[in-house]
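Enquirer: Got a structure for you, questions after.
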Amino acid sequence: MAEAEVVPEAEENLVGTQRAAAEMVDEEDTDEFFTPISPVSYWGRLYPADFVNVKFHDLVENEVTVGKLSKCDITIRSNEVPSKVLSVVSRQHFTIRRTQGVDRFGAITCKIVLEDLSMNGTYVNGERIGKGKMKHLPDNCVIAVGCPQNRIFYFKDASDGLVDDKLPPAINKNYHTSVQLGSGAYGVVTLVFSKESGRGYAMKTIIKNSNPGNKNRKAKSEVATLNNEIKILRKVNHPNVIRLVHDEDWQNQKYLFIELMRGNDLFARISDSKRLTERQSKLYFYQIASGVRYLHSIGIVHRDLKPENVLLATEDEDTIVKISDFGLSKVVNSMTFTKSLCGTKLYVAPEVLESRGSKKYTAQVDVWSMGVILFVCLSGQTPFCSERKGLCMEEQIKKGMYTMNVDHWECVSLQAKKLVRQMLTTNPVKRINISALFEDPWLKDQEMLSKVQQLISDYTLRSLGKENEPVLPVEEDVSLSPKPAKITLRSATSDSSPPRKRRRLI
């Protein structure tokens, strides 16, 4: 099944750019991940929160003013944040002050406060300070401007020199740990920042099995899933597939670093928007398809493609998307087929349900899942629901029973609807395959192709950065958005609205 990748002629340059971009990112995988850190000369750090172009800043002086005036100590610029955010930033928005004193025992004390100078408001951990008022600035807090959603900085208090003795010395030496992003049976996921470059990562801490004789079936299954992710991600390298950059073993724990995706996942994006525009759907879908085509070309079937497993690089409408979560993926060769009954039912292909784990199926299962994803993106509805005309969801999927309700599809082009139908063909032999999909007129959109090319180019240059921080190829995927999901689904008007998910953090 590891067939040679077929590149449609119209996209030759774009695919070449994608490969070149991936190779450029790999150039930083040649040296040691941990680098010597110069002696700390700052008492605090401001790290970028939700806006990837925001620079990190050392706090050296005891008083630092932040705003959009060039004379501010830290200037928030138009190339760092969207115009709608910059419009609510005051010329002098807030000041951070550090004062030292001596307590009654003669020990030196330090106090760090933020004073709000703005009319539009400064927020610390979501709480508005108020013009002229001050608030103690705690370690690892997030600072926003204008509204709690405009999260610009994470503040790191580096004045006390304390380290987390639960972490390996190498991590403490080279990284500042920030907020916890999630937790699960194996440990936690933490936002960390490189002291050298200021670059953020999602660090997943996995507690190794301290009892090798443990016969618990669920625990062994979870270990197998994690090991499968490690094996898959050691093999992949593509701009639209999540990248693992380093791992570190220490005592009974394993630490995994992945690139930080600040835009949440596609499920949250659809939920927030209720539905995506056709232009936006095409931009995201093309990138998903590019990632899947690459995976298939190296013999990997994902088997659990769904919006929750597609991560977005930024909060921007035009952004890079990456496929994640390879726990159910399978590495196959041209003589191998898969037959496991797995995946998320709403997105699973009919042949998987028909097989019941006993019949073979092919990489066409991913094409079906992509069809369901595109259906949801374009309409804000799911093609299958809990019950329709007396049929359960499983039977609807097996029979390919879905409708394109005019209320949700009237603004969608005929080309897009035709492509969805070709992917949601129950017979996998008659279903459009991944190579033919790229020949479809709907995806031969030069404006969209140019936009993807530009996004990949910009993302690659930003990933390399001026510091060109070196990393090593490593072991596993966290499959998380960089901050807790803020999903607010609309009230269901029918059983076919996208279902609430139980988010698997680890």
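The values are calculated or read from the model by the stated rules, or taken from the named source; none is laboratory data. Keep in mind that this is a model prediction, so the values were computed, not measured. Note: ideal-geometry Cβ built from the backbone for every residue, glycine included; neighbour counts use all protein chains shown. Note: areas computed on protein heavy atoms with side chains; ligands, DNA, RNA excluded. Shrake-Rupley method; radii C 1.70, N 1.55, O 1.52, S 1.80 Å.
Enquirer: Exactly one of these conditions fails for E410: (1) farther than 26 Å from V301 by Cβ; (2) at pLDDT below 90. Give me its number.
Expert: Against the list (1) farther than 26 Å from V301 by Cβ; (2) at pLDDT below 90, E410 comes up short only on (2).
Enquirer: OK, next. Of the residues in the stretch 243-279, how many are over 16 Å from the mean Cα position of the chain (by Cα) and within 25 Å of K231 (Cα to Cα)?
Expert: 10
Enquirer: Can you find, within the stretch 82-99, the residue that is least open to solvent (accessible area, probe 1.4 Å) among those that are in contact with a strand residue (DSSP E or B) (Cβ under 8 Å, 6 or more places away or on another chain) and farther than 23 Å from E61 by Cβ?
Expert: As a first pass, look at the stretch 82-99 and keep what is in contact with a strand residue (DSSP E or B) (Cβ under 8 Å, 6 or more places away or on another chain): 85, 88-99.
Retained after the next criterion (residues that are farther than 23 Å from E61 by Cβ): 85, 88.
Numbers: V85: 2, V88: 34 Å².
If we take residues in the stretch 82-99 being in contact with a strand residue (DSSP E or B) (Cβ under 8 Å, 6 or more places away or on another chain) and farther than 23 Å from E61 by Cβ, then V85 is least open to solvent (accessible area, probe 1.4 Å).
Enquirer: For the structure I just gave you, tell me whether V102 is more than 30 Å from N174 (Cβ to Cβ), free of Cβ contacts under 8 Å to residues at least 40 places away in the same chain, aliphatic (A, V, I, L, M) and surrounded by fewer than 13 Cβ atoms within 10 Å (Cβ to Cβ). Walk me through it before giving the result.
Expert: Details: more than 30 Å from N174 (Cβ to Cβ): yes; free of Cβ contacts under 8 Å to residues at least 40 places away in the same chain: yes; aliphatic (A, V, I, L, M): yes; surrounded by fewer than 13 Cβ atoms within 10 Å (Cβ to Cβ): yes.
Yes.
Enquirer: Sort through K208, K282 and tell me the only one that's of a type in the set (K, R), open to solvent by 10 Å² or more (accessible area, probe 1.4 Å), over 18 Å from the mean Cα position of the chain (by Cα) and modelled with pLDDT of 80 or more.
Expert: It is K282.
A quick yes/no check of all residues on (1) part of a loop (DSSP other than H, G, I, E, B); (2) among the β-branched types (V, I, T); (3) open to solvent by 20 Å² or more (accessible area, probe 1.4 Å):
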| residue | (1), (2), (3) |
| --- | --- |
| M370 | no, no, no |
| L374 | no, no, no |
| C377 | no, no, no |
| P383 | yes, no, no |
| E394 | no, no, yes |
| K398 | no, no, yes |
| T403 | yes, yes, yes |
| D407 | no, no, yes |
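Enquirer: Check every one of the strands (runs of 3 or more DSSP E) wholly within the stretch 132-203 and list those with 2 or more residues that are modelled with pLDDT of 90 or more and either in contact with a Cys (Cβ under 6 Å, 6 or more places away or on another chain) or open to solvent by 30 Å² or more (accessible area, probe 1.4 Å) (or both). If you could, list the steps in order and put the result at the bottom.
Expert: Details: elements: 134-136, 142-145, 151-157, 175-184, 187-194.
It comes to 134-136, 151-157.
Enquirer: I'd like the residue in the stretch 38-78 that is polar (S, T, N, Q) and under 22 Å from Y201 (Cα atoms) and, out of all such residues, is surrounded by the most Cβ atoms within 10 Å (Cβ to Cβ). Spell out how you get there, then give the answer.
Expert: Of the residues in the stretch 38-78, the ones polar (S, T, N, Q) are 38, 41, 53, 62, 65, 70, 75, 78.
Adding the requirement that they be under 22 Å from Y201 (Cα atoms) leaves 38, 53.
Working: S38: 7, N53: 14.
This residue is N53.
Enquirer: Okay, next question. Which of the strands (runs of 3 or more DSSP E) found entirely inside the stretch 29-95 contain at least 2 residues meeting this: closer than 22 Å to K133 by Cα and modelled with pLDDT of 95 or more? Before the answer, list the steps.
Expert: On the way: elements: 44-48, 57-59, 63-67.
Strands (runs of 3 or more DSSP E) meeting the threshold: 63-67.
Enquirer: Are any residues in the stretch 355-368 open to solvent by 10 Å² or more (accessible area, probe 1.4 Å) and at pLDDT 85 or above, and if so, which ones?
Expert: T362, A363, Q364
Enquirer: While we're on this one: Kindly indicate the residue of the stretch 315-326 that is in a loop (DSSP other than H, G, I, E, B) and open to solvent by less than 10 Å² (accessible area, probe 1.4 Å) and also farthest from N240 (Cα to Cα) among those meeting that condition. Steps first, please.
Expert: Keep residues of the stretch 315-326 that are in a loop (DSSP other than H, G, I, E, B), which gives 315-320, 324-326.
Add one more test, that the residue is open to solvent by less than 10 Å² (accessible area, probe 1.4 Å), and what stays is 319-320, 324, 326.
Working: T319: 11, I320: 7, S324: 9, F326: 14 Å.
So, considering only residues that are in a loop (DSSP other than H, G, I, E, B) and open to solvent by less than 10 Å² (accessible area, probe 1.4 Å), the one farthest from N240 (Cα to Cα) is F326.
Enquirer: Of the residues that make up the stretch 107-126, is at least one open to solvent by less than 50 Å² (accessible area, probe 1.4 Å), at pLDDT below 85, assigned to a loop (DSSP other than H, G, I, E, B) and of a type outside the set (S, T, N, Q)?
Expert: Kept after step one, since they are open to solvent by less than 50 Å² (accessible area, probe 1.4 Å), are these residues of the stretch 107-126: 107, 112-116, 118, 121-124, 126.
Keeping just the survivors that are at pLDDT below 85 gives 107.
Narrowing further to those that are assigned to a loop (DSSP other than H, G, I, E, B): 107.
Adding the requirement that they be of a type outside the set (S, T, N, Q) leaves 107.
Checked the stretch 107-126: at least one residue is open to solvent by less than 50 Å² (accessible area, probe 1.4 Å), at pLDDT below 85, assigned to a loop (DSSP other than H, G, I, E, B) and of a type outside the set (S, T, N, Q).
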